[in-house]
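Asker: Could you have a look at this structure, given as C-alpha cells, before my questions?
The values are calculated or read from the model by the stated rules, or taken from the named source; none is laboratory data. Here the structure is a predicted model, which is why all the values come from computation and not from measurement. For neighbour counting, all protein chains shown are included, and Cβ atoms are generated from backbone atoms with ideal geometry for every residue, glycine included.
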Amino acid sequence: MTMQELGTILQYNIGVKMIILNNNFLGMVRQWQDMFFDKRYASTELVNPDFVMIGKAFGIPSRKVNEREDLIDALAELLNTDGPYLLEIIVEKQGNVFPMVEPGKSVSEIRLTY
C-alpha cells in the first residue's frame, strides 16, 4: 500500500480495513539471512514511520497494538468502525513465516517449519 492509496481511500471514503504486522524488519530477507546465511544480518532492520499518525493524517481512524491482550478489542474496533480503518500490530522481531520455498527448491519441496 502506498500513501497515494490512502489518499484515494480518503477521497472516496472506501471502507478498506488495513492491518500492518510490524516487526521493524524486512522480514523475508531477515528470515533468509537467519536460515541460510548463518545469521549474517545485513540491512534488514527498519526505522519505520508512525503509521497511526499517517493514517490519521488521511482522516482514517487508526490504532497501534503493542500487547497481545489488547488485540481482541482492537480487532473488534476495526470491524465495528464504518468506513476505513488502519490497525498496526507490533509483532516479534524474530518471528518467521511459513510455508516457504527454499532457494533452489521447487514448490513441491515447500518448507513448513524451521
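Asker: Could you look through region 1-57, keep only residues that are among the hydroxyl-bearing types (Ser, Thr, Tyr) and not in a helix (DSSP H, G or I), and pick out the one that is farthest from Leu86 (Cα to Cα)?
Answerer: Tyr41
Asker: Test Gly55 against the criterion of being closer than 30 Å to Thr8 by Cβ, surrounded by 12 or more Cβ atoms within 10 Å (Cβ to Cβ) and at pLDDT below 90, and give yes or no.
Answerer: No.
Table: residues versus (1) on the phi < 0 side of the Ramachandran plot; (2) at pLDDT 95 or above; (3) within 15 Å of the chain's Cα centre (by Cα).
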{"position": "Tyr41", "(1), (2), (3)": "yes, no, no"}
{"position": "Ser62", "(1), (2), (3)": "yes, yes, yes"}
{"position": "Val65", "(1), (2), (3)": "yes, yes, yes"}
{"position": "Ile72", "(1), (2), (3)": "yes, yes, no"}
{"position": "Glu88", "(1), (2), (3)": "yes, yes, yes"}
{"position": "Val91", "(1), (2), (3)": "yes, no, yes"}
{"position": "Val97", "(1), (2), (3)": "yes, no, yes"}
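Asker: Being closer than 30 Å to Gly104 by Cβ and in contact with a Ser or Thr (Cβ under 8 Å, 6 or more places away or on another chain) is true for just one of Leu21, Leu26, Leu86. Which residue is that?
Answerer: So the residue among Leu21, Leu26, Leu86 that is closer than 30 Å to Gly104 by Cβ and in contact with a Ser or Thr (Cβ under 8 Å, 6 or more places away or on another chain) is Leu26.
Asker: Right, another one. Within region 65-114, how many residues are among the polar types (S, T, N, Q) and farther than 20 Å from Phe36 by Cα?
Answerer: Summing the residues that are among the polar types (S, T, N, Q) and farther than 20 Å from Phe36 by Cα in region 65-114 gives 3.
Asker: Answer yes or no: is there a residue in region 84-107 that is exposed (fewer than 12 other Cβ atoms within 10 Å of the Cβ) and touching a Leu at 6+ places or on another chain (Cβ under 8 Å).
Answerer: Within region 84-107 (the criterion being exposed (fewer than 12 other Cβ atoms within 10 Å of the Cβ) and touching a Leu at 6+ places or on another chain (Cβ under 8 Å)), the answer is yes, since at least one residue qualifies.
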